[in-house]
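*Asks:* This is the structure I want to talk about, given as structure tokens.
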Amino acid sequence: MTRSNNRFRVKKMIYTVFFLVLILLILTNSQKSTYYALYGLNLWFTKMIPSLLPFMILSGIMVRLQLTAGFASLMHPLLHPIWRVRKNVTYAMIMGFLCGFPMGARVTCDLLDRDMISNKEANFLLTFCNNIGPVYFTGFVLPLLKRTQILPYLIGMYGLPFLYGLVLRHTVYKSMSETTSNQIACNQKTIRKPYSILEQIDDAINSSVQGILSLGGYMILFNLLNIIPASVVDLVLHAINTKIIVAGKVHFVEALPALIAPILEITGGLGFLEDRIPLYSLLLLPFGGLSCMAQTYSIIRRSNLSIHTYVYHKLILTGITVFYYVGWKIFFPLNFLL
């Protein structure tokens, strides 16, 4: 008990110091803090709301009206022979891959909350289908990185998670049920007092707006955190200029904030880094950044799903992506990263 109390005190002290330093930096660097916060707000307003909110609302309506199995029937005959999953799981996979982060986690939790999938199926879905969206990837990331090829990057971004999920399905999640009786049982559990379609639309819109507002808050906060590495670099450069320390690789020191930014918040960070180190940016995309991790936690925290398991599989996918690009470099050096 004493050790537990000591750990709690240490954590509390660390958090207190961290936020005091952050507040101090904001107060003493008002121009920079405003810039980072406004940058995150602008990305949320111009990129996230138009690309995500419509999908969030439509998917919310479909889940509430229990139309997901019917929608998934379009792709289910193609996917079921190799995936051996139920239609609602197929629906979550489709939405996760096509609509992008954080729709994979949101749809999974919506289905789980209404007992339309099991807890094991939800954990399975989170291991591989909560990724950066293809519209964002092909419309923002690849042009930003000035890449002329598309297919090799699509394989690295979506083919690897697809294959990873397939391997998990037939190994770790081999015992996951796919029977019709289970589907019926799950559907029977979701029978509630009937609501009108207008009530369902209203509920879906309110839930989606709350979700997109939460996402915006995370984007603003984690972009604002860039003030910490930026302030540290300013201190180091000041020390170099005043000969307090010996000048080393100044250019590397100046580049540190841009290198750290995608780890904090992937969209804003890529904008800061631009096309200077394309391989570095591509390797960070499967991980998604700390902001994406925090957003995913905010979505799944009321369920029994584990954020630690989610992060664990994200790190594995990042490692697999590293091997993919190493293999590309070894076997196809002439068109590497073109």
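The values are calculated or read from the model by the stated rules, or taken from the named source; none is laboratory data. Every value quoted in this text rests on a predicted model; they were computed, and no experiment measured them. Neighbour counts are summed over all protein chains in view; Cβ atoms, including those assigned to glycine, are modelled from backbone coordinates with ideal geometry.
*Asks:* Can you tell me which residue within segment 98-115, out of those that are surrounded by fewer than 21 Cβ atoms within 10 Å (Cβ to Cβ) and assigned to a helix (DSSP H, G or I), is farthest from the chain's Cα centre (by Cα)?
*Replies:* Checking each candidate, the answer is D113.
*Asks:* Which one of R64, R86 is crowded, with 17+ Cβ neighbours inside 10 Å, of a type in the set (D, E, K, R) and at pLDDT 90 or above?
*Replies:* R86
*Asks:* Take segment 206-219 and flag every residue that is within 15 Å of the chain's Cα centre (by Cα) and in contact (Cβ under 8 Å) with a residue 12 or more places away in the chain.
*Replies:* G211, I212, S214, L215, G216, Y218, M219
*Asks:* May I pose another question? Got a number for residues in segment 323-338 being surrounded by 13 or more Cβ atoms within 10 Å (Cβ to Cβ) and either hydroxyl-bearing (S, T, Y) or part of a helix (DSSP H, G or I) (or both)?
*Replies:* Number of matching residues: 3.
*Asks:* Now, a different point. Write out, first by first residue and then by second, each pair whose Cβ atoms fall under 6 Å of each other, whose residues are 6+ apart or on separate chains, and whose first residue, in segment 147-174, is on the phi < 0 side of the Ramachandran plot while the second is surrounded by fewer than 18 Cβ atoms within 10 Å (Cβ to Cβ) and among the aliphatic types (A, V, I, L, M).
*Replies:* Close Cβ pairs (under 6 Å, with a partner that is surrounded by fewer than 18 Cβ atoms within 10 Å (Cβ to Cβ) and among the aliphatic types (A, V, I, L, M)) amount to T148/L338; Q149/L338; L160/I320.
*Asks:* Take the residues of segment 8-30 that are farther than 17 Å from I220 by Cβ and among the β-branched types (V, I, T): which is modelled with the lowest pLDDT?
*Replies:* Checked segment 8-30; the qualifying residue modelled with the lowest pLDDT is V10.
*Asks:* Out of the residues in segment 115-142 that are among the small types (G, A, S) and at pLDDT 90 or above, state the one that is nearest to M176 (Cα to Cα).
*Replies:* S118
*Asks:* Can you pull out the residues in segment 19-52 that are within 13 Å of L225 (Cβ to Cβ) and either among the polar types (S, T, N, Q) or surrounded by fewer than 12 Cβ atoms within 10 Å (Cβ to Cβ) (or both)?
*Replies:* Selection gives F19, I23, N29, S33.
*Asks:* Pick from segment 302-328 the residues that are hydroxyl-bearing (S, T, Y) and in contact (Cβ under 8 Å) with a residue 12 or more places away in the chain: which of them is farthest from G159 (Cα to Cα)? Lay out the reasoning, then the answer.
*Replies:* Of the residues in segment 302-328, the ones hydroxyl-bearing (S, T, Y) are 303, 306, 309-310, 312, 318, 321, 324-325.
The next check asks that each one be in contact (Cβ under 8 Å) with a residue 12 or more places away in the chain; those that pass are 303, 306, 309-310, 318, 321, 324-325.
Values: S303: 28, S306: 24, T309: 21, Y310: 19, T318: 13, T321: 10, Y324: 11, Y325: 13 Å.
That would be S303.
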